[in-house]
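Written below as structure tokens is the structure these notes are about.
The values are calculated or read from the model by the stated rules, or taken from the named source; none is laboratory data. This is a predicted model, so every value here is computed, not measured. Counting neighbours? That spans all protein chains shown, and the Cβs are built from the backbone with ideal geometry, glycine included.
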């Protein structure tokens, strides 16, 4: 899942970015409103964590423009003001959630996860595909009741596929939503990680769950459906 | 002291009405008493004259020639009138009603005299006495002649009548007037209660309105549309006071919100950093960098809190002025030392126009804080590789210091906001940290404390200048005289 963290106070922005990255998210950062809009236009972020008090362009204006551009991103407003007006203002402009500073990072993380679920219309924190269980709150995976140990990136990839169960996702989608390292999306990094993931969840003759659609991408689904 | 305006008004006006009515009635009574008395006396005198006119002189003899039917009042046994006449020293005649009694004998030749007395039948009465000489003489032949005789005798006549009726009339009149007066006082009292009640009603309404004012809602104003003219200023003053209170309260509220806001962001940074660092085991270097980061944030918060405290103290008037001789050039150098590394790091070109010494009389600690803030702003907000111009001089008896920087994005029309707490030119946020918009308002407050002023100027090419002007104070000029060389002056 890809996040955009927009916060002008550098120490806070750094810690948020680090925290989200360590939680398995791909994170872009911006320190002012204009940069935030530029980032938001360039890539498709699942969740944008947006501070309201920003230089150049304030958070609410950024939000208004995002909504005018029909951005599908979920927006979580960070505000230091806790008056009802501020909250109502933000929500009416199309924010999906808000959090008043100071907050616990754990709470922010939980809300971001909830927003991701909402975006992919997954109500439960546990996604099941056949005998595969992806627990998005504990970031753990089981197949046939046996835990499977995945690396951060492998898990991020699997969670993205799981949120899009029964839908074909392109390599570019995966690239944009899962990875934030400097390599071009045309490289075969995605294929490499799909390979690693397959090895771990389709071990010992269990039925395949990750299927390749030539020229389209990948799909996570039970075979019978296809 | 009666506190109620209504009762006080009532008592005072009622007293005034009662006194006026009382005086009116008294003077009315007095004048009516006068005229009734004089009418009574005139009537009594007329009776006396009528009796006197019947007197005739026959030689040495005086005869009162009247028929009893002509003057029945002197005959009747019921409440009669009386008369008696004397020719010294004998009694000439008594009215039939007198029988053998006497009226008190008046002195002779003193004109008309009225006197109150007790009548022979015991009633109170009044007598008029007069002396006269009869002009009618009856000659022996029986002819009447009007010629005066040489031996005309002076007759003293006294006529008395009862005064019960007079007294009763006057008494009735008195009671009537007292009754009317009291009635008038009571009626006017009732009318006054109504009038005063109506007059006081607006005051009571205002009092009710004031009573309904709540600290939580200062936006309400007292109605002034139907308030009497005399109370209009009161209502206006109160409304003015309310407006000032409201704006002061809302400023306080905004200020508290701003403080909370400005402290919340760094606080969140601290919490998040701690949480993220603790979430998993890390290398020692990671811990160290997190600690450094938190210390920086904490220092920024501390600086902000200090500034806020100073500002609060300045506004509460708790800062005292400690004037002393100071070398302003030295102070500038001293303050700048803290910022020159940052200016160098940002590649700023610094133009220094403050050659020392600049001796002034001021509070160096306050001036240091002002300069610190101005330098901090200038170094932070100047554009990359921009220019800073710092100058200080004494003109007349004023000390003037200017701190200017290029790269300002503050528009001229924003200048008025600069001294407001927490106001920030937009790009200020780019250099976040301690710049939370408090510096200039603190500078403004401190220059005012130093009895000086602070001004900002925005000019072309992004020049932004802050100028402070302070009284230079009475500075002892080194006196050098030929006779006595100044102890500090160096031999040339």
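For segment A:87-111, a residue qualifies if it is in contact with a helix residue (DSSP H, G or I) (Cβ under 7 Å, 6 or more places away or on another chain), in a strand (DSSP E or B) and either on the phi > 0 side of the Ramachandran plot or within 11 Å of another protein chain (Cβ to nearest Cβ) (or both), and exactly one does: A:99. Within segment B:107-133, being in contact with a strand residue (DSSP E or B) (Cβ under 6 Å, 6 or more places away or on another chain), at pLDDT 75 or above and within 20 Å of residue B:55 (Cβ to Cβ) holds for B:112, B:113, B:127, B:128, B:129, B:130, B:131, B:132, B:133. When B:218, B:222, B:213, B:173 are screened for being at pLDDT 85 or above, in contact with a helix residue (DSSP H, G or I) (Cβ under 9 Å, 6 or more places away or on another chain) and surrounded by 13 or more Cβ atoms within 10 Å (Cβ to Cβ), only B:173 passes. Residues in segment A:65-86 that are surrounded by fewer than 18 Cβ atoms within 10 Å (Cβ to Cβ) and farther than 27 Å from residue B:253 by Cβ were compared, and the one that is nearest to the other protein chains (Cβ to nearest Cβ) is A:65.
Report whether or not residue B:408 is in a loop (DSSP other than H, G, I, E, B) and buried (at least 16 other Cβ atoms within 10 Å of the Cβ). Yes; evaluated as a whole, the condition is true for this residue.
Restrict the check to segment B:88-101 and report whether at least one residue is modelled with pLDDT of 90 or more and over 60 Å from the mean Cα position of the chain (by Cα). No, because not a single residue in segment B:88-101 is modelled with pLDDT of 90 or more and over 60 Å from the mean Cα position of the chain (by Cα).
Conditions tested, residue by residue: (1) over 15 Å from residue A:18 (Cα atoms); (2) within 14 Å of chain A (Cβ to nearest Cβ); (3) free of Cβ contacts under 8 Å to residues at least 60 places away in the same chain.
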residue	(1), (2), (3)
B:238	yes, no, yes
B:243	yes, no, yes
B:248	yes, no, yes
B:256	yes, yes, yes
B:281	no, yes, yes
B:288	yes, no, yes
B:293	no, yes, yes
B:302	yes, no, yes
B:312	yes, no, yes
